[in-house]
Amino acid sequence: MAYYLGRDVTVTLKTESGSRGVTAAGAMDSDGTGGFATDSAASGDAVTDLTSVDIGIGVQDEDITYMGNKSVLKAEIKKETTCSLTRKKSDATWEKVFNAARWGVNSTPALHDGLTAPPSAAAGAADYGYQVIINMSAASDILTLRNSTITGHSVSLNADGTADETLEFVTQVAPVVS
C-alpha cells in the first residue's frame, strides 16, 4: 500500500473510450463543460482540491484441498489494484458519477450500465472503465491504472457540514509504470 498527499502527486482521470461529451441526460454534466472525464478523452481531466491518494495492490487466492491428501494448494485467482482519491468536497460531480457512470463510457457513446460483462481484450476492452493517471511529482514516475471501475464513494461529515469525499477505483488489469 502506498499513501500520497495531494500536494505530492497530480491525478488525471479519463475514460477508456475515445467518445466525448457523454452526459447521460445531465448525470455527469454538473458544470456545463462535460464534467468528469468525459469532455477530454485525449488528455483527461485533472482532479482538483486533491487531499490524498491511497494505492493498494492485492492478490485474491483460494485454498484448495483434495480429498485424501493432507496438503493444501493455494491458487492465485486474480490480482487487483485499488486507488482511493480524496478531495475537498466542492460539488456533486463525484456523487453523480458514482450513481450513473461507475463503469465508464462505451464507444456508442453511452454509459456502460454494469449489467453486461465487460468486453474481452480481443473485442476491444479499451472502451470499458476509466484510466487513473497518477504523476508522482518528486520522482517523475507515472502510474496508470487502466480499465478501472468505481466501486465506492464516501463523504466525511463534521459539525459544519461536509469536508472531504473519497472515490475508490478498482482494476484487475496490471498497472503501467512509466
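Find all pairs meeting these conditions: Cβ atoms under 7 angstrom apart; at least six residues apart or on different chains; first residue within the range 162-177 and in a loop (DSSP other than H, G, I, E, B); second residue among the acidic types (D, E).
Short answer, once both residue conditions are applied: Q172/E80.
Given the conditions (1) in a loop (DSSP other than H, G, I, E, B); (2) more than 22 Å from L13 (Cα to Cα); (3) in contact (Cβ under 8 Å) with a residue 24 or more places away in the chain, report the number of the one that D91 does not fulfil.
(2)
For every residue, the table says whether it meets (1) surrounded by fewer than 12 Cβ atoms within 10 Å (Cβ to Cβ); (2) touching a helix residue (DSSP H, G or I) at 6+ places or on another chain (Cβ under 8 Å); (3) among the charged types (D, E, K, R).
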{"position": "V132", "(1), (2), (3)": "no, no, no"}
{"position": "T144", "(1), (2), (3)": "no, no, no"}
{"position": "T151", "(1), (2), (3)": "no, no, no"}
{"position": "N158", "(1), (2), (3)": "yes, no, no"}
{"position": "E165", "(1), (2), (3)": "no, yes, yes"}
{"position": "V176", "(1), (2), (3)": "no, no, no"}
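Can you confirm whether the range 68-85 contains a residue that is of a type in the set (K, R) and either under 25 Å from N147 (Cα atoms) or modelled with pLDDT under 75 (or both)?
Yes, the range 68-85 contains a residue that is of a type in the set (K, R) and either under 25 Å from N147 (Cα atoms) or modelled with pLDDT under 75 (or both).
Tally time: how many residues in the range 78-91 are surrounded by fewer than 11 Cβ atoms within 10 Å (Cβ to Cβ) and either aliphatic (A, V, I, L, M) or closer than 25 Å to A46 by Cβ (or both)?
Final tally of qualifying residues: 0.
The values are calculated or read from the model by the stated rules, or taken from the named source; none is laboratory data. Computed from a prediction, not measured in an experiment: that's the story for all the values here. Cβ coordinates were reconstructed from backbone atoms using ideal geometry, including for glycine residues, and neighbour counts include every protein chain displayed.
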